[in-house]
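Please read the structure below before turning to the comments.
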Amino acid sequence: MSEKGQTLVIQGIPISPGLAEGHIHVHRNLLGPIDGLDDITHNNSEEELSRLDAATASISGDLAVLATRVEKEIDSRLAEVFGAHQLILNDDLLRGELRREIIENMASASSAVKIVFLRWEKRFLLMESQIARDKGEDIRDISIRLRNALAGITVHPLDEIPHGCVLVTSRLLPSDTVFLADRSISAVLLEYGSIGSHAALFAREMGLPCISQLPNLLTTVPDGELALVDADTGIVTIRPQERQEVSFRKKVKSKKHAHQLSRERAQSPAVTEDDVTIAILANVGCSDDTEKAMLNGAEGVGLYRVELAYLGRAVPPDTDELLNEMQQTLEAAKGHTVCVRLLDIGADKPLPFMKFLAETNPSLGRRGIRLLREYPELLKAQLQAVLELAREFDVRVLIPMVTLPEDVAAVKECLTHLGLELQISSLPRLGAMIETPAAALSARQIAKHVDFLSFGTNDLTQYTFAADRDNAAVERYFNDAADVIFRLLRIAHDDAPEIPLSVCGELAGRPDYVSRLLQCGIRTLSVAPPLVPMIKEAVRDSSCTAPQIWKR
Ligand code: PEP
Ligand code: MG
């Protein structure tokens, strides 16, 4: 943190973009009731057990209300977070531990909740994958709710927060974020919270600018002062000088204007300055995404992540269930190109019915196509569903986590065989995801088996830099816009100049790099639905002609 006279300038990591200003409201007690541990001296464990049951039932009811509210007001996918909270709350193992704590250790209901949930939270926080660590946050959220309910507190701590403020707090729990939607907070500054956390997801969906990883925030920022929050760059200016206020407001105005303009032109094609039309598609996971994408001017779906159809199930979906799910998800994009990516599970995306697949180094183990080749029934069900889908949609198939040319040859063989069986003469076009350096450097051999290549720059970066994409501790090693990544793209293009190239990783959604991507031979970009208008604008300001500097 640097201090300029009266003005403080701090920099953190933006986890939800946007510009906003407001007066700081420091919230120190977000972590819930400060309750010590107390034992039950009299033999009243029965009473404590029934208090716990009553609190659990009341929380369950609240969660159902929250889920409905979020579904209506924000996003149905986000509502699932509260469904997951219900599952945790009713988990037999957890309930058993709570009962034991009350009966055997004579703890009060509230103490039992505190002890057991803390134990569970620690277990999750020690796990390697970010998804598991985010679960730790969920556990903490439920623990606080339960203890509040046991203490008879019904008001949510965030209900006290003034409208329009810049909220400064240590961390945000998923249920806090929902309350923020009502309070019309202008921005949030956090000490902790990763870009992949549920809170970040909520904030992004609500368009709430949010900057995280600002250490010692609570003790250093002054309550009540004006703050200019630039969550595009991660810079916060507290007690700004007049000229800083003027220039910030100018920036806000021009961003609003640019946004308005891009929305007006979103339904028109994205044509570069040198007259090349670039296809702008969307990455989707559910029907809401597809609807949003089409309204925003997407020209189809460039990446349909099918994982949602597999999560929370005891057995994998069969062909009919998959087809049904695909039809529903893609309905809004009928008549346009839709690209179904085969199941990309393993590593940070585990499946309940594949628990047995424990590996010491899962990111380098059976992921994506590797797993599908090992379990051909999983592959077959998906390809059958895709072939059926192709009767109504303009479908493409994308193969995840390709490393070897034989990975794609195997899928092609299976697709051809099933096509014959189902008497489908024109097979969907097949694409390979380029997400490993080996695949980028084998583009020529891989291209012989497929119709297009799509760069998954998230994984490509993770595997090129050997840096976990979800691990904040190695964030400085994870740079998806580094020269080495563009170099890999360029090599693939030079080695296989005829094959159409697209990018569907996060890099495609960053306007500053669009020009450079086009100059590497990329002609299709697939981005998150809200980014479509902005990326189309970036294309219009770009040229496909590479300046000498980017050439090899
Ligand atoms: C990628 O790795 O860039 C990608 C698009 O796939 P996912 O983020 O789903 O792993
Ligand atoms: Mg990937």
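Counting every other Cβ atom within 10 Å of each residue's Cβ, 165, 414, 504 order from fewest to most as 414, 165, 504. About its Cα centre, the chain has a charge dipole of approximately 1420 debye under the convention of +1 per Lys or Arg Cβ and -1 per Asp or Glu Cβ, with nothing else charged. Roughly how many whole Å is it from the C-alpha centroid of the stretch 297-317 to that of the stretch 88-110? When both Cα centres are located, 36 Å separates them. Take every Cα pair under 8 Å whose residues are at least 6 apart in sequence, average their separation, divide by the length of the chain, and the relative contact order is 14 percent.
Of all beta bridges that DSSP places with both ends in the stretch 201-335, some 65 percent have antiparallel geometry. Placing unit charges on the Cβ atoms of the charged side chains and taking the dipole of the chain about its Cα centre, the candidate lying farthest along the positive direction among 309, 58, 268 is 268. Taking amide H atoms as placed 1.01 Å from N in the peptide plane, the amide H of residue 346 lies under 5 Å from those of 351, each 5 or more residues away in sequence or on another chain. Under 18 Å of direct C-alpha separation, and excluding same-chain neighbours fewer than eight residues apart, residue 251 reaches these aspartates and glutamates: 21, 230, 232, 242, 512, 537. Panel order for 122, 412, by other beta carbons found within 10 Å of each beta carbon, from fewest to most: 122, 412. Highest mean first, the peptides 300-311, 13-24 sorted by other C-beta atoms within 10 Å per residue fall in the order 300-311, 13-24. Rounded, prolate or oblate: pick one for the chain, where a ≥ b ≥ c are the square roots of the eigenvalues of its C-alpha gyration tensor, a/c under 1.5 means rounded, and failing that, prolate if a/b is larger than b/c, else oblate. Note, shape of the chain comes out oblate. By DSSP, the beta bridges lying fully in the chain are antiparallel in about 35 percent of cases. Annotation: amide H of residue 505 within the under-5 Å range of 457, 458, sequence separation 5 or more or interchain, hydrogens built in the peptide plane. In terms of surrounding Cβ atoms within a 10 Å radius of their Cβ, 463, 477 rank from fewest to most as 477, 463. Legend: distances between Cα atoms for 334/536; 255/334; 334/412; 256/292; 380/448; 253/536; pairs beyond 28 Å are 255/334. Put simply, the amide H of residue 434, placed in the peptide plane, has neighbours under 5 Å in 454, 455, 456, leaving out anything fewer than 5 places away on its chain. By DSSP, the beta bridges lying fully in the stretch 260-550 are antiparallel in about 10 percent of cases.
No value in this document is a laboratory result; all are computed from the given coordinates. Please read these numbers as outputs of a predicted model, since none were measured by experiment. Reconstructed Cβ throughout: ideal geometry from the backbone, glycine too, with neighbour counts over all protein chains shown.
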